[in-house]
Each structure stands twice: as C-alpha cells, then as structure tokens.
1. Compute, for T179, the solvent-accessible surface of its heavy atoms (probe 1.4 Å) with the complete set of protein chains present, and express it in square angstrom to the nearest 10.
2. How much length is gained if the chain between D82 and T137 is pulled fully straight, taking 0.36 nm per residue apart and subtracting their Cα-Cα distance, in nm to one decimal?
3. Here are some values of Cα Rg over 2.2 N^0.38 Å: [x] 1.09; [y] 1.66; [z] 1.21. Which one was computed from this structure?
4. Mind telling me which of L112, L70, L50 comes out most flexible in a GNM of the chain, alpha-carbon contacts under 10 Å?
5. Considering only protein heavy atoms, what is the solvent-accessible area of T57 at a probe of 1.4 Å, reported in Å² to the nearest 10?
6. With a 1.4 Å probe and every protein chain left in place, work out the accessible area per residue of the chain in Å², rounded to a whole number.
7. Non-local amide H neighbours of V68 (under 5 Å, H modeled in plane, Pro and chain starts lacking H): which ones?
8. Near K125, which lysines are there with a Cα under 25 Å away, not counting those fewer than 8 places off in the same chain?
Amino acid sequence: RFVVVRMNAPAHTATVAIANGPAGGSACSVGTTFTYTGATTGDFNDPVTLAGDLKVTGSSAPVPNVPVTLALGSQSCNTTTDAAGHASCTVTIAQHPGVVAASGTYAGDTVLAGSSGSSAFTITKEEAAITYGVALTADYHDAFTASATLVDPDGGAPIAGKPVTFTLGAGDSCGPVLTDGSGAASCSITPTQAAQVTSITAGFAGDVDYVSASDSKPFTITRE
C-alpha cells in the first residue's frame, strides 16, 4: 500500500509513503507521528489555540486533509490537517487551574496508522478587576447604596456569581453579595462613624478560578 502525501503540480512530482508489513496483512499501513505544537499555558475562561503537526513516521512528509481531534484536559475540538499536515482549533478554558494534558489524536484509516501526541498544559487563574460605583458621600446615620462591578479586565466580560464585600472606613460594611449577570453587586451601608473623609472599598477575595481584586475611593461622611 502507498499514499500520496505531497504533490508538486508545476514540477509534475509527488511524494508517496509506502506501507510496511506483509502484503494484504493488517499490519500493512503507513505509520504516522503526531507532534503537539500549540499553547502550553492559559488563563481560566480565556480562549487558547491547540495545534499540532501530523507527519509520516520517520520523515518530514506531511499527512494532509485528514481529521484530527485536539484536546485540552476534558475539552476538545475537531479539525482537519492542511496541506502541510498542520492542524489547529480554539477552545475557551472551562476547567479549574492546574496541570492537564494538551493533545492531538489521528484515528487512522485503511492506509494510514493512527497516532497521538501530547504536552503538559498549565491552566492559571484568570485576572479580575472591580470598580466601585458612584456613591461617595452620605450623612452620619443615613443609609446609602454601595455598588461595584466585577469584570475580566481582558475584554471586559462580566464575572457573575462572585461575592463582593463593601467596607466604609474603620467599621461599617455590608456583604458579601453576589454579582449578577452583568457583574454588578450592591448593598446598603449606614455610616456609624463621625463626620470625616475616609475611604470606601469594594473587594473580591478571589477563588479557585479568579485572583482577588479591590477598588477604593475617598468617601465623605457628613453631619446629620
């Protein structure tokens, strides 16, 4: 058996791979080697490109136009090798930070043997950014609404379902309250501290997937 793996039309030439093994036997197939060449690190919730090259074993000859599955831990995407035997596709990381395998697999066919290759991939925590809202003054003993928005700083996508705590000066606070679908959180604080200029802080402590974030603004407590 043999398979054409590269053609040069202007030169009227072609590269072929010849199978090893006894004629007509099940072992009579062309060996392939898959080498993973894509990204090896990425943040949680970020897109990452998985890639690799499929070649005839023991040569630089590519294996073009065949289906390949690329995987990152429990996630995967399907694609096809190009004329150079290269394959790539993108997944958005949905797994907790840690070390997983990034891999590519070609299942093989009646002529070409299957192969796979992998590399260690490190998933890291995603960054988070929080911005305090607009309430920057209140009378002593009068309630006001503290608010903030939590987002992914790379693109500004909201981060929902995360606890945010608000702290005014030395002793007044509210929360934690969970961010909604737009990344917003709010709650009510009643100042119990004497009239003064202090600060108000919105804070997210971080979790298994996101780093911590905080934002402080000057806040004026006025006399009642």
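1. Answer for T179: close to 10 Å² accessible.
2. 13.6 nm
3. [y]
4. For the chain, modelled as a Gaussian network with Cα springs under 10 Å, the answer is L112.
5. 80 Å²
6. Working: 11070 Å² over 224 residues.
That works out to 49 Å² per residue.
7. Here the answer is T79, T80, T81, since their amide H atoms fall under 5 Å of that of V68.
8. Of all the lysines, those that pass the test against K125 - Cα under 25 Å, at least 8 places apart if same chain - are K162.
The values are calculated or read from the model by the stated rules, or taken from the named source; none is laboratory data. Computed from a prediction, not measured in an experiment: that's the story for all the values here. Just the protein is used for accessible areas: all its heavy atoms, side chains included, with ligands, DNA and RNA removed. Shrake-Rupley method; radii C 1.70, N 1.55, O 1.52, S 1.80 Å.
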